[in-house]
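**Student:** There's a structure below that I have some questions on.
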Amino acid sequence: MKKLKKILPIFAAMALLSSGMFMSCSDSDSDGGNEATTETTKEPESEAEKSDDENKDSEDTEEYNDVTGEKTSTVTADSDENADIQILMCGDSIMRTYSAADGDETGWGQVLQFYFDTGVYVNNTLSNGGRSSKSFYYEDGRWNKIKEILEERKNAGKKSYVFINFGHNDQKYSGNGSTFMNYATFAKENPDGWADVTYTKESNVIASYDPSTSPDNGTYKDFLQKYIDETKALGGTPVIFSPFVRCYSSNGVISDKGAHILSEAYKDESAPRGDYPAAAKEVAEENSVAYVDLTALSKTYVESALAQGKEKFVYWPNDTTHVSTLGALKIAEMAVNGLKSQIPELASHMITPEARIMVRNNTIDFGRIYPSNESVKSFKVSAFNASSGKITITAPKGYTVSDSESGTFAKTLEIETTADYFGTEVYVKFLPTEVAEYNYNLQVTHSSITPDFGNSPVGSLSGNILLIALTGAGKQKAEGGQDYTVTWPMIDSSKAVVYTASVDPEGVVSPSVATISSGLTESTAKADAVNKKYHTRFYSNLAAGWPGEKSEDLYIQFALPAGSNNVVVNQISMELASSGTGNMKWDVLYSTNDDFSSPVTIIQGGMGTAIDQDGATSAKANDVLTEVKSDADMGMSIAGKTLYVRVYPYMKSADTKGSSRQIMVGDVKITGIVQ
């Protein structure tokens, strides 16, 4: 069995995922039934006992022993860069390696090493998101780097395989043609006329692109042919994979478009893009190279998930393309199973990965609610290669769990893992009975497997018990006083940036002028793409551009001093958008400490949402305002203190294009009462 080794822990909390944040495939006729698991909730013997049990949740500590764990890290397979066989991965975001800061989003190249012993080294350092068969070929530091490695290994007498997996970004569309020039291809046949059209080159996408000599009208099949020819010329062995399906479905069946068969032309193109899996198969057969039809294999797999209503465990939340750790492990499994009979040399090094139980969250924050009220949030647990056994979820003081948001909640939930088990969405109910803090650990165990967090940010582990930190508080209701609303619009009627706030009614409180950190620079205002509402934009002026995680050098701060008044804050809200990119993220936090220590998170890893041209919700919005809010009634007194609110913008992945990637900010509001 493959051994796991720990890599450097990344101490970043995962975005808090509530039950309403997950989007499944569009399958209007699927009822999501036919559960493949037997899930049971331990219940009190009678309704009276049930009621008594729930009322005593925050008082009865004997039935739950809270433990403190050690930080655990993401895991990676043992590998040896000097192995006699190296697999060089060439692909897009479905293949690339993600950091733990990206949450549970994972690429199949990232987990492929789990399927090979140390006689094979999987090199996944060059695959990356957004690449097509065309852009990967021309972009400096991608294909030319692969060729350098191939030549070095050929001269050293070592074996190399090149795994080629493109298709998603070859299908990109842009009305101005620049995306076609840089990324897009037709599958097999290019309509007449494309080669004669001149487009504006995006110089920052392809560093060595010469339209006078490059095959602007090259097809997907043409570029796969180039990879095959050049790999063979340098002593390597090419392997072709068709693309993993998108989760576009009807009545539980993946559509042709989801299976990368584009039979309708885009509005200003003279022909449909065509059948990409068929093109991949043809070029592989014509060159007698190994081919794995990941499209067909993944179609069967995803449709089985759809039949059980479990597709949300395969794909990343609010996404119909990118996959979770479970999805990546399954793609890698399809790949190696498809190669076993075709490449005996690799088959002799293939192994079966260890079974895994994976939990997506390491922290859930319920905020502050009044005693005897309740709040329900959820997390997902999934399994890979775990064909038997039982997952046990144990709730701490003040909390109960269930496998249904409207079901019976109890202190313990047990879930059977069978051969066809995908996962379970576990609902956690917070029901405080007093004004107090309820900060405890929820425990996740399995009868034979130690659970982990997949590729999610690190959490805590105590022996074989995985811990999810639950935070919440019962709060005292604030009664009586003068209502107030403080607003930083961030823009005036002439679309100029303003940092001062308005107060309604005037004079009740005196907010400070908004400030920005030295790493940010204000930019021009821009209208929201949906509501046509203008907001101010900011960009990173750091030499390195935008980081791929929250940075203390990049923030916008809003402050509300309470002075000697008893100022109560009930809600913090604002409108944010990603501008010039679909990959801007943001953390919003607040603190009552002047050094912004011990902040409370309103949202972590937030991104915009938009409707794409197919009517599907996308997690990668561009210029679409997204409202961010704290709890509807925080009831937090800041008497004698100052409330500081900060927005920390950053990118999903580090990006050097600081000035062209911007965050749009406006209508920052604090509401409450002064007693």
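**Student:** Any idea how many residues of segment 43-93 are under 30 Å from Leu224 (Cβ atoms) and either in a helix (DSSP H, G or I) or modelled with pLDDT under 75 (or both)?
**Tutor:** The first filter runs over segment 43-93 and keeps only residues under 30 Å from Leu224 (Cβ atoms), leaving 76-77, 79-93.
Then keep just the ones that are either in a helix (DSSP H, G or I) or modelled with pLDDT under 75 (or both); that gives 76.
Selection size over segment 43-93: 1.
**Student:** Another question about this same structure. Condition first: open to solvent by 30 Å² or more (accessible area, probe 1.4 Å) and among the hydrophobic types (A, V, I, L, M, F, W, C). Now tell me which residues in segment 136-175 satisfy that.
**Tutor:** Passing the criteria: only Ala156.
**Student:** Within segment 425-447, track down each residue that is farther than 21 Å from Asn65 by Cβ, in contact with a Gly (Cβ under 9 Å, 6 or more places away or on another chain) and at pLDDT 95 or above.
**Tutor:** Tyr427
**Student:** Inspect segment 158-175 for any residue being modelled with pLDDT under 75, more than 30 Å from Ala305 (Cα to Cα) and not hydroxyl-bearing (Ser, Thr, Tyr) and give the result as yes or no. Steps first, answer last, please.
**Tutor:** If we filter segment 158-175 for residues that are modelled with pLDDT under 75, which is where we start, we get 174-175.
Adding the requirement that they be more than 30 Å from Ala305 (Cα to Cα) leaves 174-175.
With the extra rule that they be not hydroxyl-bearing (Ser, Thr, Tyr), the set shrinks to 175.
Looking for residues that are modelled with pLDDT under 75, more than 30 Å from Ala305 (Cα to Cα) and not hydroxyl-bearing (Ser, Thr, Tyr), one finds at least one in segment 158-175, hence yes.
**Student:** Report yes if some residue within segment 353-373 is open to solvent by 10 Å² or more (accessible area, probe 1.4 Å), part of a helix (DSSP H, G or I) and under 23 Å from Lys429 (Cβ atoms); otherwise report no.
**Tutor:** No, every residue in segment 353-373 fails to be open to solvent by 10 Å² or more (accessible area, probe 1.4 Å), part of a helix (DSSP H, G or I) and under 23 Å from Lys429 (Cβ atoms).
**Student:** Tell me which of these Met636 doesn't satisfy, since it passes every other one: (1) closer than 10 Å to Met607 by Cα; (2) open to solvent by 20 Å² or more (accessible area, probe 1.4 Å).
**Tutor:** Every listed condition holds for Met636 apart from (1).
**Student:** Moving on. Would you mind finding the one in Tyr115, Tyr161 that is under 21 Å from Val292 (Cβ atoms), out of contact with any Gly (no Cβ under 7 Å at 6 or more places or on another chain) and not β-branched (Val, Ile, Thr)? Give the steps one after another, and end with the answer.
**Tutor:** Values: Tyr161 fails: out of contact with any Gly (no Cβ under 7 Å at 6 or more places or on another chain).
Of Tyr115, Tyr161, the one residue that is under 21 Å from Val292 (Cβ atoms), out of contact with any Gly (no Cβ under 7 Å at 6 or more places or on another chain) and not β-branched (Val, Ile, Thr) is Tyr115.
**Student:** Related question: Could you please give the count of residues in segment 275-318 that are within 15 Å of Ile164 (Cβ to Cβ), aliphatic (A, V, I, L, M) and touching a Pro at 6+ places or on another chain (Cβ under 9 Å)?
**Tutor:** 5
**Student:** Turning to a different aspect of this structure: Of all residues in segment 639-666 being crowded, with 19+ Cβ neighbours inside 10 Å and in a loop (DSSP other than H, G, I, E, B), which is modelled with the highest pLDDT?
**Tutor:** First pass over segment 639-666, keeping only residues crowded, with 19+ Cβ neighbours inside 10 Å: 643-653, 655, 658, 661-666.
Restricting the remaining residues to those that are in a loop (DSSP other than H, G, I, E, B) gives 652-653, 658, 661.
Details: Lys652: 85, Ser653: 82, Gly658: 82, Arg661: 92.
Looking at residues that are crowded, with 19+ Cβ neighbours inside 10 Å and in a loop (DSSP other than H, G, I, E, B), I get Arg661.
**Student:** Counting only residues that are assigned to a strand (DSSP E or B) and of a type in the set (Phe, Trp, Tyr), which one in segment 405-452 is surrounded by the most Cβ atoms within 10 Å (Cβ to Cβ)? If you could, list the steps in order and put the result at the bottom.
**Tutor:** Let us first name the residues in segment 405-452 that are assigned to a strand (DSSP E or B), namely 410, 412-416, 423-430, 437, 440-446, 452.
From what is left, the residues that are of a type in the set (Phe, Trp, Tyr) are 427, 430, 440.
Values: Tyr427: 20, Phe430: 26, Tyr440: 21.
Out of the qualifying residues, it is Phe430.
**Student:** Can you name the condition, by its number, that Ser288 falls short on among (1) modelled with pLDDT under 95; (2) assigned to a loop (DSSP other than H, G, I, E, B); (3) closer than 30 Å to Asn190 by Cβ?
**Tutor:** It fails just one condition, (1).
**Student:** Out of the residues in segment 153-169 meeting the condition of being under 36 Å from the mean Cα position of the chain (by Cα) and assigned to a helix (DSSP H, G or I), tell me which one is farthest from Ile228 (Cα to Cα).
**Tutor:** Asn169
**Student:** Could you give me the residue pairs with C-beta distances under 9 Å whose first residue belongs to segment 545-570 and is more than 22 Å from Ala514 (Cβ to Cβ) and of a type in the set (Ser, Thr, Tyr), whose second residue is at pLDDT 90 or above and open to solvent by 30 Å² or more (accessible area, probe 1.4 Å) wherever it lies, and which are 6+ apart or on separate chains?
**Tutor:** Listed pairs, sorted by first residue: Ser564/Ala639; Ser564/Gly640.
**Student:** Being over 17 Å from the mean Cα position of the chain (by Cα), surrounded by 24 or more Cβ atoms within 10 Å (Cβ to Cβ) and assigned to a loop (DSSP other than H, G, I, E, B) is the filter here; which residues of segment 292-339 pass it?
**Tutor:** Matches in segment 292-339: Lys310 only.
**Student:** Give me the residue from segment 456-467 that is among the polar types (S, T, N, Q) and assigned to a loop (DSSP other than H, G, I, E, B) and, out of that set, most open to solvent (accessible area, probe 1.4 Å).
**Tutor:** Asn464
**Student:** If we scan segment 243-259, do we find a residue that is open to solvent by 20 Å² or more (accessible area, probe 1.4 Å) and within 20 Å of Ser133 (Cα to Cα)?
**Tutor:** yes
**Student:** From (1) assigned to a helix (DSSP H, G or I); (2) at pLDDT below 65, pick out the condition that doesn't hold for Lys221.
**Tutor:** (2)
**Student:** Could you check, for segment 544-552, whether at least one of its residues is over 27 Å from His322 (Cβ atoms) and modelled with pLDDT of 90 or more?
**Tutor:** As a first pass, look at segment 544-552 and keep what is over 27 Å from His322 (Cβ atoms): 552.
Within this subset, residues satisfying the condition of being modelled with pLDDT of 90 or more are 552.
Checking segment 544-552: at least one residue is over 27 Å from His322 (Cβ atoms) and modelled with pLDDT of 90 or more.
Condition check ((1) assigned to a strand (DSSP E or B); (2) of a type in the set (S, T, N, Q); (3) surrounded by 15 or more Cβ atoms within 10 Å (Cβ to Cβ)) across all residues:
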| site | (1), (2), (3) |
| --- | --- |
| Gly454 | no, no, yes |
| Ala469 | yes, no, yes |
| Asp483 | yes, no, no |
| Val486 | yes, no, yes |
| Met490 | no, no, yes |
| Val497 | no, no, yes |
| Ser510 | no, yes, no |
| Asn531 | no, yes, no |
| Tyr539 | yes, no, yes |
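**Student:** Of the conditions (1) open to solvent by 10 Å² or more (accessible area, probe 1.4 Å); (2) at pLDDT 95 or above; (3) of a type in the set (Gly, Ala, Ser); (4) in contact with a Gly (Cβ under 9 Å, 6 or more places away or on another chain), Ala280 clears all except one; give me its number.
**Tutor:** Going through (1) open to solvent by 10 Å² or more (accessible area, probe 1.4 Å); (2) at pLDDT 95 or above; (3) of a type in the set (Gly, Ala, Ser); (4) in contact with a Gly (Cβ under 9 Å, 6 or more places away or on another chain) one by one, Ala280 breaks only (1).
**Student:** Restricting attention to segment 225-257, which residues are under 32 Å from the mean Cα position of the chain (by Cα) and small (Gly, Ala, Ser)? Steps first, answer last, please.
**Tutor:** We begin by selecting, within segment 225-257, every residue under 32 Å from the mean Cα position of the chain (by Cα); these are 227, 238-257.
Those that are under 32 Å from the mean Cα position of the chain (by Cα) and small (Gly, Ala, Ser): Ser242, Ser249, Ser250, Gly252, Ser255.
**Student:** Determine which member of the set Leu470, Leu431 is touching a helix residue (DSSP H, G or I) at 6+ places or on another chain (Cβ under 7 Å), among the hydrophobic types (A, V, I, L, M, F, W, C) and more than 18 Å from Lys312 (Cβ to Cβ). I'd like the intermediate steps shown before the answer.
**Tutor:** Values: Leu470 fails: touching a helix residue (DSSP H, G or I) at 6+ places or on another chain (Cβ under 7 Å).
Matching residue, one of Leu470, Leu431: Leu431.
**Student:** Shifting gears a bit: Could you check how many residues of segment 512-529 are at pLDDT 95 or above, open to solvent by 30 Å² or more (accessible area, probe 1.4 Å), in a loop (DSSP other than H, G, I, E, B) and within 15 Å of Ile663 (Cα to Cα)?
**Tutor:** The qualifying residues number 0.
**Student:** Further, regarding this structure: Say whether the condition of being in contact (Cβ under 8 Å) with a residue 60 or more places away in the chain and out of contact with any strand residue (DSSP E or B) (no Cβ under 8 Å at 6 or more places or on another chain) is met by at least one residue in segment 419-429.
**Tutor:** Filtering segment 419-429 for residues in contact (Cβ under 8 Å) with a residue 60 or more places away in the chain gives 420-425, 427-428.
With out of contact with any strand residue (DSSP E or B) (no Cβ under 8 Å at 6 or more places or on another chain) added as a condition, the list becomes 420.
Among the residues of segment 419-429, at least one is in contact (Cβ under 8 Å) with a residue 60 or more places away in the chain and out of contact with any strand residue (DSSP E or B) (no Cβ under 8 Å at 6 or more places or on another chain), which makes the answer yes.
**Student:** Give segment 81-109 a look and list any residue that's buried (at least 24 other Cβ atoms within 10 Å of the Cβ) and in contact with a His (Cβ under 9 Å, 6 or more places away or on another chain), or say none.
**Tutor:** The answer is Asp92, Ile94, Glu105, Thr106, Gly107.
**Student:** While we're on this one: Within the group Ser518, Ser502, Ser493, which residue is in contact with a Phe, Trp or Tyr (Cβ under 9 Å, 6 or more places away or on another chain), farther than 21 Å from Gly582 by Cα and free of Cβ contacts under 8 Å to residues at least 60 places away in the same chain? First the steps, then the outcome.
**Tutor:** Numbers: Ser518 fails: in contact with a Phe, Trp or Tyr (Cβ under 9 Å, 6 or more places away or on another chain); Ser493 fails: in contact with a Phe, Trp or Tyr (Cβ under 9 Å, 6 or more places away or on another chain).
None of the other options fit; the residue is Ser502.
The values are calculated or read from the model by the stated rules, or taken from the named source; none is laboratory data. Since we're looking at a predicted model, the values are computed, not measured. Backbone-built Cβ (ideal geometry, glycine too); neighbour counts: all protein chains shown. What goes into the accessible areas is simple: the full protein's heavy atoms, side chains included, and nothing from ligands, DNA or RNA. Shrake-Rupley method; radii C 1.70, N 1.55, O 1.52, S 1.80 Å.
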